[in-house]
């Protein structure tokens, strides 16, 4: 190992330790505030006289607000800087999430979910774009995996905590368990949002914790990579066929993700599990499997420089897991095993997907393109929670929704296999000759 290569590794390790754990914490809070409604559902429906259909509409309407404000939010992040914009996002969504305690019926439920989508719009794609300001593409899948692992970890720790809160605090101070859930998981987002202002740096040059030599290395690697990218303007992102293909792929993945996230507590409770804490502990199992598996998959993808087949095989495995969990729904042990495979397949596909847009987009086009893919793709989050409702209209099989979601995931795998351009799958994993030169000269 050359001295320059060792210096590069130490520099990126320093960046990793500074950025990834903090962004990981932020996303745990974001994801909890987005999907804790799935756990609150276990009490809310009866308390507020909401139907399953009304819940699905409210859960999904989040993504309508998210859709309209996603791209503007990501472009604003590029303009105003990640530090202030991510802080604004976190503080506003923490306030809205805490206000969920005031829900009285279907109208207020829908309104606050819509506002939560507006408040959170731009956070996930903003962080994905933020990572492109620090890491070249060849290193990004593993870092994205550590960030996206927050989804799985929020399930591992968040579901038991949610169950514990609802069991312990129901009725305290005149508030129901589901109200305590929203309040106790919304306030930390506000606190961490303020912390963002003092902790994050919007660019390499702002980072006082890096030496001049370390800053020069990081910027040289990014400049070498960006020379090969052809699309830099906002309009380039909207005109790119590849961006819209990625939107379609991500749309199918989000149907799978939120179909699982919003209904997994209900599925597990149907096994006859007693108490909300018990439900939380069982639902943590699939997410725990996903944490371990996705890190392994993303490291292997970065090592080999291959994304396309990794995504196709992982997403397809998730579809098969959903199908088998439905087939063996009457056997709780087998159902949880196959739901674990399904959760790994869906969540594990995300870090394999997100290096794709930044493989050909740079600058403002990258901010806009990532925002477009995430906003259009996240409309799948509206359809995912509604699939179980619609499935009841066409089939009496309680597992029909799982089969429909699995079919959608397989469609996404097929699109990925046949429509991701050849040059995109060849280039994304490996460093360019210029980038290699900057490391070894």
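Helix 106-120 and the longest principal axis of the C-alpha atoms of the chain enclose an angle of approximately 10°. Taking the stretch 292-329 and a reference point 7 angstrom along Cα→Cβ of residue 417, the backbone N atoms nearer than 19 Å belong to 306-324. Helix 380-394 axis versus longest C-alpha principal axis of the chain: approximately 40°, rounded to the nearest ten. Using the Cβ-Cβ distance between residue 394 and residue 80 with R0 = 41 Å, the FRET efficiency computed as 1/(1 + (r/R0)^6) comes to roughly 0.30. The modelled label-to-label distance between residue 108 and residue 198, using points 7 Å beyond Cα along the C-beta direction, is 3.5 nm.
Placing dummy labels 7 Å off each Cα toward the beta-carbon, the span from residue 211 to residue 304 is 3.8 nm. Here the contact order of the chain, divided by its residue count and restricted to Cα pairs under 8 Å and six or more residues apart, works out to 26 percent.
On full extension, the segment bounded by residue 220 and residue 17 gains 71.0 nm, given 0.36 nm per residue less the C-alpha separation. Our Cα-only numbers for the stretch 256-402 put the radius of gyration and Dmax at 16.8, 52 Å. Residue order for 199, 287, fewest other beta carbons within 10 angstrom first, comes to 199, 287.
In plain terms, the residue of 300, 310 with the fewest other Cβ atoms within 10 Å comes first and the most crowded comes last, giving 300, 310. For the pair residue 191 and residue 24 in one chain, pulling the backbone fully straight at 0.36 nm per residue adds 58.6 nm over the alpha carbon distance.
In this label model, residue 320 and residue 68 are separated by 4.3 nm, measuring between points 7 Å along each Cα→Cβ vector. Rounded to the nearest 500, the 222 nm mean residue ellipticity of the chain from helices alone is -26500 deg cm²/dmol, with -39,500 (n - 2.57) taken per DSSP H run of at least 4 residues. Extension gain, residue 10 to residue 244, is 80.5 nm, computed as 0.36 nm per intervening residue step minus the present C-alpha separation.
Annotation: the residues 247, 99, sorted from fewest to most other C-beta atoms within 10 Å of their own C-beta, follow the order 99, 247.
Legend: Rg and Dmax of the chain, from Cα coordinates, 21.2, 68 Å. Hey, what angle do you get for helix 123-132 against the long axis of the chain, alpha-carbon based, 0 to 90 degrees rounded to 10? So the helix axis and the longest Cα principal axis differ by about 20 degrees.
Just so you know, all these numbers are worked out from the coordinates, no wet-lab data involved. Computed from a prediction, not measured in an experiment: that's the story for all the values here. Ideal geometry is used to build each Cβ from the backbone, glycine not excepted, and the neighbour counts take in all protein chains shown.
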